[in-house]
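One structure is given below, encoded as structure tokens.
The numbers here are math on the coordinates, done by the rules we state, and not lab data. In this text the structure is predicted, and so the values were computed from the model without any measurement. A quick note on method: Cβ atoms are made from the backbone with ideal geometry, for glycine too, and the neighbour counts reach across all protein chains shown.
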Amino acid sequence: MAEQAETMRSTVASMLRGIERYNPENISTLERYVELQARENTYDLEANLALLKLYQFNPGTYQNTVACQILMKALTNLPHTDFVLCKCLLGQEQMEDSNVKRIMYLHDLLEMCQFRTFWNEKDQYANLTTNIKDFSDSIRKYVCHVITITYQYIEKQVLSQLLGNVDEAALQAWMSKYGWKVDEDGNVFIANQEDTVKTKNITEKIDFDSVAGIMAACR
Amino acid sequence: MYNANEFVDEYESYPLEDAENYHYSARGEGDFSERGAHYPTYSIPEEVKKYITYFRDAIRDGNVYDIPSLYVDFNRLTEEYFKTQSWPDVEDLYGNKLVDQQDTRDDIFLILYRELYYRHIYARIQGGPTIPQRFESYYNYCNLFNYILSAETPVPMELPNQWLWEIIDEFIYQFQSFSQFRSKLGKKSEPEIEMLKESPKIWNVHSVLNVLHCLVDKSNINRQLEVYTSGGDPDSVAGEFGRHPLYKMLGYFSLIGLLRLHSLLGDYYQAIKVLENIELNKKSMYSRVPACQITTYYYVGFAYMMMRRYADAIRTFSNILVYIQRTKAMFQTRNYQNDQINKQTEQMYTLLAICMVLHPQRIDEVVQSSLREKTLAEKMARMSRNETAEFTQCFTFACPKFLSPVPPPFDSAPANYHKEPFQQQLKVFMDEVQQQQQISVMRSYLKLYTTMPMEKMAAFQDLTEDDFRNALLCFKHKMRNIVWTKGTSGLQGDFQSDSEVDFFIAGSMIHIADTKVAQRYGDFFIRQIHKLEEVNRSLSKVKVSGCVPRGSVDSPPLAPHLTSILFFILTSIVNHDAAYVSNDMVRRRQNT
């Protein structure tokens, strides 16, 4: 069934070419496409932004549930800034909606990497998250991304916490997915950061060309 | 898919004559102040009459060589005769027998004349255009684009690139002006509101988009750019219309127009996407109108900033600001185009300052010193201390004038409806600033050490270890953004971190890496040496009677000696410095 979204992808892409993307008759197709993305865990940023833009041009057609779905899908694509792009296309009145406000709160938590709070409170947002297939796993992918760029090795306990207190089996699954191994001290080795993160000394390099003229004049 | 015929049909019901149905007092009766004072029929200055006749003939005969200078003369004559008054309107031209109403040969001249006439009113007349004038100007643009787009073969008209750019720029500007005007319902009278309600199609966002997209499609500009960047000949894919300079350049300028329009509506992704075939970092034949270049870089940089691609934004702003520094002399004369360029320059410096606070990195020396010179250094200091008011102020000054694409609900618009688009973009920006608040504090702590246990540093900042860890993760996350590396599309890029201060966590220890930049002496000395050479050369040309001039055969020249002395000093400083820095590094590593 994941093929449904994929076949729609090319149909939708042709709808977004040139002046057609502003045609309000495309709204219902695009709304269905968002629903498909949520159900099948696929993602199409351009189509979603185009739909939000159509809502902007035709305020009477705005559907809050669809907009919330788009925002939730944007969360699953962190660390990309898709959520910010979506926010820019909404209006002030639409931002006042209680569900939109709740999603923005989740976004704040995730952007500020307050993962423990996020996992603790996530269940309160079940009405928003259950519609999105594999929502939690997408967030865990983002958490792993942040861990990869930050840690050389991390305590197993901390890792488990950041991933939402998953059980041992799930933890092992995530670790093998990223190739993380446990070392002698019981810590999880992430990556050798020493090569990428080291003190840089930028000294001035004067090359021959810039002084060639001067040296010639010194004769 | 819109085609040219559909374009014609949409406007068929709005022939120019309908403009007269809108009420405005006929000239000669009623209040002069309503239309702005202007010369009555019998006294157009002679020089202006001659100019208009000459211009009319040039357009009639397709005299390509004279048109550019005539276009420039319009500004000169404006400064002399029409500083605060409008040019003679078309009725006056008929009255003075400068143009014959019956002669269809001059239709296109009149369209072009009106373009200049209304543009001047928008720019110079106190109080701006009246509502009928706004409508008339819109119809005039429709006529112009209709003429260009619905022709079966390319129209035999060639206008200077500067003018073509200004047509597109002004078209969008007038749309912007009308949208904002329409949203400010507070001070409008009943008849005015009625007039606006009855004309939903005028200055409609779809019409504006339609024009721009049609110009892009007609000229095949995207295909042309694709072929051009891969080294081929654009003419091979241009098609009949695209080969004609008028269409090609209008197509190109329309892409920039779309960049601007999408940015004004808050769609930054689409804004950058429309430029996907234009290599911004390369000089090309398309980029010869400075105002167009500067506008492009302004909007691209702003879009990158809102997308949190700070490194890209900084690079974009630096590039154009260096260019502007070098060509400063060009923008000194006072006209409204240069005013706009100068304003955008100031705005870009401010945006650059914001980006540098959020994402400190090294930039070009020239730009760095300009930032220091202007009052921006103070603002940057305040922003680094997380004073949100300063962020708000800077953003408000530097941002584009955002728009809503739809008219307000005339019967029930909230009080500050016209400010809502701006408020929304400001909120998105300030939310981002809020999320990054802890980062600058972290950065200053990180700079102080090379290694440090997490709990110790958390204690310094009065945070629990948990909160501190979150702040560290947030730092890493926010400093790692997408940066363009290759290809023409500005949207492409990889996640990179160019942060000056970087770190990683090993268990419960933080290892910090800083970037030390050594003092640059070489550049300074080289420049001074060259200057000295020049001075010496001009000195040696000076003949003082009775004395032997320097540099003549008998006395050895002084400069080479000085030069070699300076050069010696330079090399010894550089060598010494290198040794000093590496000693310093060793010392730091030893202090944990």
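Within the set of other residues whose C-beta is less than 15 Å from the C-beta of B:SER369, count the net charge using Lys and Arg as +1 and Asp and Glu as -1. Every neighbour counted, the sum reads +3.
Near B:GLY239, within a Cβ-to-Cβ distance under 11 Å, what is the net charge of the other residues, with Lys and Arg +1 and Asp and Glu -1? Spelling it out: positives minus negatives among the neighbours equals +1. Per-residue extension of 0.36 nm, minus the Cα-Cα distance of B:LYS427 and B:VAL535, leaves a gain of 33.3 nm for this segment. With the Cα gyration tensor of the stretch A:151-219 giving a ≥ b ≥ c as the square roots of its eigenvalues, does the rule (a/c under 1.5 for rounded; else a/b larger than b/c for prolate; else oblate) give rounded, prolate or oblate? Prolate shape, in that a/c is at least 1.5 and a/b is the bigger ratio.
The mean count of C-beta atoms from other chains within 10 Å of the C-beta of residues in B:266-279, rounded to a whole number, is 3. In chain A, the inverse of the mean reciprocal separation of distinct Cα atoms equals 20.6 Å; this is its Kirkwood hydrodynamic radius. Using every pair of separate Cα atoms, the Kirkwood estimate puts the hydrodynamic radius of the stretch B:471-538 at 16.4 angstrom. Only Cα pairs under 8 Å and 6+ residues apart enter the sum, and on that basis the relative contact order of the stretch A:151-219 stands at 37 percent.
When each of A:ILE103, B:ILE67 is scored by the number of other beta-carbon atoms lying within 10 Å, the sequence from fewest to most is B:ILE67, A:ILE103. Distance between the C-alpha centres of the stretch A:45-74 and the stretch B:434-466: 39 Å, rounded to the whole angstrom. Between the DSSP loop rule and a limit of at most 13 other Cβ atoms within 10 Å, which GluC sites (Glu not before Pro) in the stretch A:143-205 are left? Passing both the DSSP loop test and the Cβ count: A:GLU184, A:GLU194. When you filter the trypsin sites (Lys or Arg not before Pro) in the stretch B:377-457 for DSSP loop state and at most 16 other Cβ atoms inside 10 Å of their Cβ, you are left with B:ARG385, B:LYS401, B:LYS447. You can think of it this way: the chain between B:GLN461 and B:PHE495 has 9.3 nm of extra reach, that is 0.36 nm per residue less the Cα-Cα gap.
Take every Cα-Cα pair in the stretch B:184-241 and report what % of them are more than 20 Å apart. In whole percent, the long-distance tail amounts to 54. Going by neighbour counts of Cβ atoms within 10 Å, the residues B:SER412, A:SER136, B:SER137, B:SER370 line up, fewest first, as B:SER412, A:SER136, B:SER370, B:SER137. Inter-chain neighbour count for B:254-262: the average number of beta-carbon atoms from partner chains within 10 Å of each residue's beta-carbon is 0. If a/c stays under 1.5 just call it rounded; otherwise compare a/b with b/c (prolate if a/b is bigger, oblate if not). Do that for the protein assembly as shown, with a ≥ b ≥ c from the square roots of the Cα gyration tensor eigenvalues. Oblate, because a/c is 1.5 or more while a/b does not exceed b/c. Model label sites at B:GLU91 and A:SER210, defined 7 Å from Cα along the beta-carbon direction, differ in position by 6.7 nm.
If a/c stays under 1.5 just call it rounded; otherwise compare a/b with b/c (prolate if a/b is bigger, oblate if not). Do that for the stretch B:209-358, with a ≥ b ≥ c from the square roots of the Cα gyration tensor eigenvalues. Taking the square roots of the gyration eigenvalues as a ≥ b ≥ c, the stretch B:209-358 is prolate. Antiparallel DSSP bridges in the protein assembly as shown: what percent, to the nearest 5? Expressed as a percentage, antiparallel bridges in the protein assembly as shown total about 75.
For B:LYS478, a cut-off of 17 angstrom between C-alpha atoms picks up these aspartates and glutamates, skipping any fewer than 8 places away in its own chain: A:ASP82, A:ASP108, A:GLU111, B:ASP312, B:ASP431, B:GLU432, B:ASP467, B:ASP494, B:ASP498, B:GLU500, B:ASP502.
Working note: 222 nm ellipticity from helices only, DSSP H runs with n ≥ 4, each -39,500 (n - 2.57), summed and divided by the residues of the protein assembly as shown, gives -19500 deg cm²/dmol to the nearest 500. Remark: the stretch B:417-554 projects, on average over all directions, an area of 19.8 nm² (convex hull of Cα atoms). Each label was represented as a point 7 Å from its Cα along the Cα-to-Cβ direction; for B:LYS328 and A:GLU93 these points are 4.9 nm apart. Fully extending the segment from A:ASN64 to A:ASN77, taken as 0.36 nm per residue of separation minus the present Cα-Cα distance, adds 2.6 nm. Label-to-label distance, B:LYS447 versus B:ARG76, with points set 7 angstrom from Cα along the beta-carbon direction: 5.4 nm.
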